[in-house]
């Protein structure tokens, strides 16, 4: 075997001897995949087809010891390093060009302790896998809305979904984590052990180490929840959104209502004449008693006659997969996002004007409802700072034909720019595409300086830089 060329941390080509690769390979429970070897393409493929990078090698980890050896290898040779969990991040930070990828996807264990209501979850686990195990015991943790999303990246960025208004963020329900630091040491982070690192992990992204195990607090949920879609004609979008904000302001924590503006897919409960036409969708989930849920939905249902109302009792784990068909791997994706305290008339006008001219059939605008439990945590309590955001808009462009890329991205950027005057200035780090490095301080707001100081403590050389990067500050925090 010949020497292997990698890209260094500083963007220069560097050779690693074949004997060093062989030694690393021999030390692992998992394996090393070089270009054209079995497993290489699997390790470098991510959800977003816009990302097509070829790393110098990938280490497919089977446990914390493999992660340690991979981190030490990258550190010794000064290699650009990326960490792949579920591979669902929109920016594609799971894979770097020419560097070393630490692929955690083989680490898929989920262990549920129903008596203590605790889950131990490895970093390659997806939301769907976590949900299935936890729901076997009628338990759940707040996660996202797409079952193929990785638990690791979701949680490290904060993580919100259908349960968050009632139970908080995924990061709010993190009890502890085992972390491989930039020095290659395995440390435990919790409220009592390395508490500053634990603070940073809850929203600070992948800047501070590689988490080899997460411990979550679980809650009784379901297994049946009142959930589904209420579909309205797009011609009433302005009126419906103006009235929706009033419904949202009075909704109990148990009720979450997201808005989707898109062209109607050919769903069996929609009339054929609607297929391919713009629609407004209320996606709802109520976690609690069915009768209480029906009462809570009353004001939303009073907004007018919908095209379809398919809200009913269904398994929570099934509802978590409801948007999977719209977010399948393999398409080209580009996102832009804003946080909002309120949905003003002017903002609604901007959003609906763009929803009326979607560049492709798969493009959509999501407006996620937050508030509730997510807003009752102090800004400084975790790295995630957006406790006063009541709505998150995700402008989601998606296309299959490469010729649609320019107009799709231009449409998203234009909508983003016109909506900016009404936004808080903050942004959810998991919704940031790869061209938004300049927004990293906005992702962390008042917590950015503390994160930069902790970065200087735990990763002063910025080994974990292939992410929405918090750069180490000159001043480390006091011990």
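Odds and ends about this structure:
- Point-to-point label distance, residue 242-residue 19, nm (Cα→Cβ direction, 7 Å offset): 7.7
- Applying 0.36 nm per residue to the separation of residue 224 and residue 438 and subtracting their alpha-carbon distance, the gain on full extension is 72.8 nm.
- Stretchable slack from residue 405 to residue 108, in nm (0.36 nm times residue separation minus alpha-carbon distance): 103.5 nm
- Extension gain, residue 471 to residue 175, is 103.9 nm, computed as 0.36 nm per intervening residue step minus the present C-alpha separation.
- Burial order of peptide ranges 91-103, 360-372 (average beta-carbon count within 10 Å, highest first): 91-103, 360-372
- Region 2-24 versus region 258-303: alpha-carbon centroid distance in Å: 53
- Ranking of 340, 282 by count of other Cβ atoms within 10 Å, fewest first: 340, 282
- Using just its DSSP H runs of length 4 or more, each adding -39500 (n - 2.57), the chain gives a mean residue ellipticity at 222 nm of -7500 deg cm²/dmol after division by all residues.
- Modelled label positions at residue 235 and residue 75, each set 7 Å beyond Cα in the direction of Cβ, lie 6.5 nm from each other.
- Cα centroid separation - region 87-114 against region 133-205, whole Å: 14
- Nitroxide proxy distance, nm - points 7 Å out along Cα→Cβ at residue 117 and residue 54: 5.2
Every number in this text was worked out from the coordinates using simple rules, so none of it is lab data. Computed from a prediction, not measured in an experiment: that's the story for all the values here. Cβ atoms come from the backbone with ideal geometry, glycine included; neighbour counts cover every protein chain shown.
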